[in-house]
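Just below is one structure, and these are the notes that go with it.
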Amino acid sequence: MQGKFITLEGGEGAGKSTQARLLTSWLHDRGLNVVETREPGGTPGADAIRELLLGGNVPLTATAEAHLFAAARADHVETLIRPALAAGRWVVCDRFIDSTLAYQGAAGKLGVDVVRTINETAIGDTMPDLTILLRTDVDTGTRRALARDGDETDRFSMRDVEFHKMVAKAFDSFAADDPDRFAVVDAEQGIETVAKAIRTAVETRLS
Ligand code: Z5A
């Protein structure tokens, strides 16, 4: 039987990595075979593209950036996500296509439809069964990321508050447009409360 594909989305510092880890461990304790992964990255090829994208040393146009995120995703989907799902494993992924639609499409001004088209061949029909949107104020996310990383920021974290507000607005509109796929969780709450809300969403939507 095909496994389930769950993605976590949201702004920087929303708690996606923390919650991906907790959700994976909870699913594992329920006897499921789970793969935890993240984007950009997840495979050696996609990790190499991640270095190029997040390193910040190479100037890239918005179009080139969007194609590189899609190239990393194509490798990730073909070599890890799709085979895992076909083998009946569950996949928990920290960021996926909605991040490209929000960062490069909506906030990066390339346009959501252009970015969707660029991603069509990368993804095919491998779309998430459930996307958890972790909602935080931009200030909260920035504070958490700064507390964790200090000054070590990537090229996307360095963009201004207005950029991050556009990203947040885009995620909200994607969730409003597709309530069957998205579950929105208030990530301003404590880690354990957020984890419980995610577990409830998974039980309700995917049981
Ligand atoms: N990007 C893009 O532009 N286009 C794309 O298609 C994709 C990505 C896929 C990836 O950076 C960057 O690439 C990202 C978007 C762009 N940049 N930005 N902005 P990344 O992978 O290095 O990082 P990230 O995805 O932005 O996530 P993050 O900053 O690592 O944050 P997080 O995973 O959401 O949060 P966390 O690491 O779980 O938590 C951060 C800290 O807060 C940590 O110390 C936790 O212990 C703490 N935390 C977590 N939850 C809570 C709660 N609930 N309360 C209090 N403290 C908490």
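None of the figures in this text is laboratory data; all of them are computed from the coordinates on show. Just so it is clear, the model here is predicted, and its values are computed rather than measured. Cβ sites come from the backbone with ideal geometry, for glycine too, and all protein chains shown count toward neighbours.
Quick notes on this structure:
- Excluding exposed DSSP-loop trypsin sites (Lys or Arg not before Pro) (at most 15 other C-beta within 10 Å), longest clean stretch of the chain: 31-108
- Computed on the range 34-111, with alpha-carbon pairs under 8 angstrom and 6+ residues apart, the relative contact order is 43 percent.
- Rounded to whole numbers, the Karplus 3J(HN,Hα) couplings from phi for the range 31-44 are x, 8, 8, 10, 10, 9, 8, 8, 10, x, x, x, 9, x Hz, using 6.51 cos²θ - 1.76 cosθ + 1.60 with θ = phi - 60°, and x at Gly and Pro.
- Over the chain, Cα pairs under 8 Å with separation of 6+ residues give a relative contact order of 32 percent.
- Charge dipole of the range 15-162 about the Cα centre (unit charges at C-beta), most positive-ward option of 41, 105, 115: 41
- Debye, to nearest 20: dipole size of the chain, +1 on Lys, Arg Cβ, -1 on Asp, Glu Cβ: 340
- Vicinal HN-Hα couplings computed from phi for the range 169-176 (Karplus, 6.51 cos²θ - 1.76 cosθ + 1.60; Hz; Gly/Pro x): 5, 5, 4, 4, 6, 4, 5, 5
- Scaled against 2.2 N^0.38 Å for its residue count N, the alpha carbon radius of gyration of the chain is 0.96.
- Value at 222 nm in deg cm²/dmol, rounded to 500, when DSSP H runs of n ≥ 4 in the chain each add -39,500 (n - 2.57): -16000 deg cm²/dmol
- Computed on the range 85-170, with alpha-carbon pairs under 8 angstrom and 6+ residues apart, the relative contact order is 36 percent.
- Amide H within-cut-off set for residue 7, under 5 Å, with H built and near neighbours excluded: 93, 130, 131, 132
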